[in-house]
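Here is the structure we will look at, set down as structure tokens.
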Amino acid sequence: MKYYLLFVLAWMLNGCQLHDENASDAVDKPLLAWSEAYFGYNYKEALDYMTPESEKWIRFAASNITEEDISFINEHNKGAKVEVIDRHILEGDTTCSARIRVTDFVQLGFVGQEGKVVEQAEYQITLAKRDGKWKVRMEGPLQSGK
């Protein structure tokens, strides 16, 4: 009987671990796809991984890009590398707070300022589960936490 209980306990713990790995993977795939599109200035593709109410923030970002910015992006954009550092699924599995680290990406300057290549920065990203899929939910312009 003792071995049976140990077996059941081990099986339950393993089941929880698989659930967490599957949940992490379900969050990470769209988050990484969005991040690569967003930091690569492919806003049209980034929209595929975002909630509908987030579209206004992508439109805002796109509307501030100048011809000089496009030249800078084309000259310096080598493809950002993105890594998911941490994630916490909250509110009954419908909201997720994730932290990503982005390296070697182009960051455009404010009006009148030149862009730069950023070696590394971290961002806090919120995702919402919609129709069974995780989508990035932007509530304002993206800001680096580091």
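The values are calculated or read from the model by the stated rules, or taken from the named source; none is laboratory data. All values reported here derive from a predicted model rather than from experimental measurement. So basically every Cβ, Gly included, is an ideal-geometry build from the backbone, and we count neighbours across all protein chains shown.
The sole residue among 113, 143 that is within 19 Å of residue 43 (Cβ to Cβ) and modelled with pLDDT under 95 is 143. Among the residues that make up the range 59-78, is at least one of them outside any loop (DSSP other than H, G, I, E, B), without any contact (Cβ under 8 Å) to a residue 40 or more places away in the chain and under 19 Å from residue 30 (Cα atoms)? There is no residue in the range 59-78 that is outside any loop (DSSP other than H, G, I, E, B), without any contact (Cβ under 8 Å) to a residue 40 or more places away in the chain and under 19 Å from residue 30 (Cα atoms). For the range 83-146, the strands (runs of 3 or more DSSP E) that sit wholly inside it and include 1 or more residues that are loosely packed, with under 14 Cβ neighbours inside 10 Å and of a type in the set (Lys, Arg) are 116-130, 133-136.
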